[in-house]
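Here is the structure we will look at.
The values are calculated or read from the model by the stated rules, or taken from the named source; none is laboratory data. Source: prediction; values computed, not measured. We place every Cβ from the backbone using ideal geometry, glycine too, and count neighbours over all the protein chains shown. Keep in mind that these areas ignore ligands, DNA and RNA; they rest on the heavy atoms of the full protein, side chains included. Shrake-Rupley method; radii C 1.70, N 1.55, O 1.52, S 1.80 Å.
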Amino acid sequence: MRCTFLFVFALTATVLAQSPTPTTVGKSERDSVIEALATKLTAAYVLPEAVGRIIQALRSADSAGEYDGKAPQEFADALGRTLRTAGPDKHFAVFYQPAPAVSSGAAAPSMGQRERLNFGFGKLERLRGNVGYLELVNFSDFRQQAADTASALLSTLANFDAIVLDLRRNGGGNDPMMAFIASYFFDPPPVHLNDIYWRDTNETSQFWTTAFVPGRRSARQPLYILTSASTFSSAEDFCYSLQNLKRALVVGETTGGGAHSSRGPQRLTQSFTAIIPVGRSISPITKTNWEGTGVTPDIKTSADASLSVAHLHALRSLLDKETDRQWKQTLQQVADDVSKSVSVPAPQR
């Protein structure tokens, strides 16, 4: 289970809503938080070779007075910035989260909230030329209602001749759901997508597509994935896996560069918690990941232009294979219309 932007934003909102809070964090508590961080980093941070550097950065910033006189959430934010800079690791975060007021799971969205957010699925649309478009805003927890929603929407994509998946606003989420969704774009024999090595338990989790999915697959249609700099964590995993398996073309911007995973917030003191990455992704194909570099698109363009670029590329791909003369004329007209506002760079892979 990865820490996601969705979770972080929810947790921050919950924390900030609490009152009253101390005016500033005293030296004794600052020292306790920093030492607790040092202990947990040493025990479980996924890159042990970076731990010494990170702890030194925390203590140096403290000695330099960078945390003096700060309100609790300001102190937490400052610690988070130090961690992310020294790591560097974008999954690091620290929160002011008093234990009596908020449990470790309080920030997780309720089932009702997940339903209102359609379990991470956004707009479904038929683009001209019978190209399907589906927005994935996040990968929800893998539960029956989420799987049912995914099955209904993903089965619909089988009606289209080419498919565009929009992950430009997707900050990550649940790896089992990521693998379940990916299964709809492959034939039944299971395909190895990704591994996550967990330093805290010295175990490796494997993620494969499934031999059975409810509904219909879209294993043969041309597939395009839209990305932006905000595409992060499990969303990057999805892009990286399908790109390296030659199943999809990634179109847009280089992604955020977060290939590590956490198990949720860890208690530091009675008032502070932290997200500490304890897992790292390992591709069975590249034997590495996208940490710090992001996923490089096959077709580089701005996030804003990526949908039009992918749509036009899909139309041209369909034109090359179409044998029905009347439908081919229709596709050509649509491609001509779309091309008036966009040019398609050649794939770089």
**Residue count for segment 210-247, restricted to those that are at negative phi and in a loop (DSSP other than H, G, I, E, B)** = 19
**Request:** Kindly check whether there is at least one residue in segment 164-171 that is under 26 Å from Ala44 (Cα atoms) and without any contact (Cβ under 8 Å) to a residue 60 or more places away in the chain.
**Result:** no
**Message:** Let me spell it out: the conditions are (1) in a loop (DSSP other than H, G, I, E, B); (2) under 30 Å from Ile34 (Cα atoms), and Thr296 meets all of them except one. Which number is the exception?
**Reply:** (2)
**Prompt:** Within segment 157-209, which strands (runs of 3 or more DSSP E) (wholly inside it) include 2 or more residues that are touching a His at 6+ places or on another chain (Cβ under 9 Å) and surrounded by fewer than 23 Cβ atoms within 10 Å (Cβ to Cβ)?
**Reply:** 203-208
**Message:** I'm checking my understanding of the structure. Among residues of segment 299-323 that are open to solvent by less than 10 Å² (accessible area, probe 1.4 Å) and in contact with a helix residue (DSSP H, G or I) (Cβ under 7 Å, 6 or more places away or on another chain), which one is farthest from Arg267 (Cα to Cα)?
**Reply:** Leu315
**Asked** Which of the residues that make up segment 55-77 are surrounded by 18 or more Cβ atoms within 10 Å (Cβ to Cβ) and assigned to a helix (DSSP H, G or I)?
**Response** Ile55, Leu58, Ala61, Asp62, Pro72, Gln73, Phe75, Ala76
**Asked** Would you say Gly264 is modelled with pLDDT under 95 and either under 19 Å from Gln206 (Cα atoms) or open to solvent by 10 Å² or more (accessible area, probe 1.4 Å) (or both)?
**Response** yes
**Request:** Can you tell me which residue among Ile276, Ile285 is open to solvent by 30 Å² or more (accessible area, probe 1.4 Å) and either among the acidic types (Asp, Glu) or in contact with a Leu (Cβ under 9 Å, 6 or more places away or on another chain) (or both)?
**Result:** Ile285
**Complete:** Of those in segment 329-344 that are surrounded by 14 or more Cβ atoms within 10 Å (Cβ to Cβ) and touching a helix residue (DSSP H, G or I) at 6+ places or on another chain (Cβ under 9 Å), the residue modelled with the lowest pLDDT is Val344
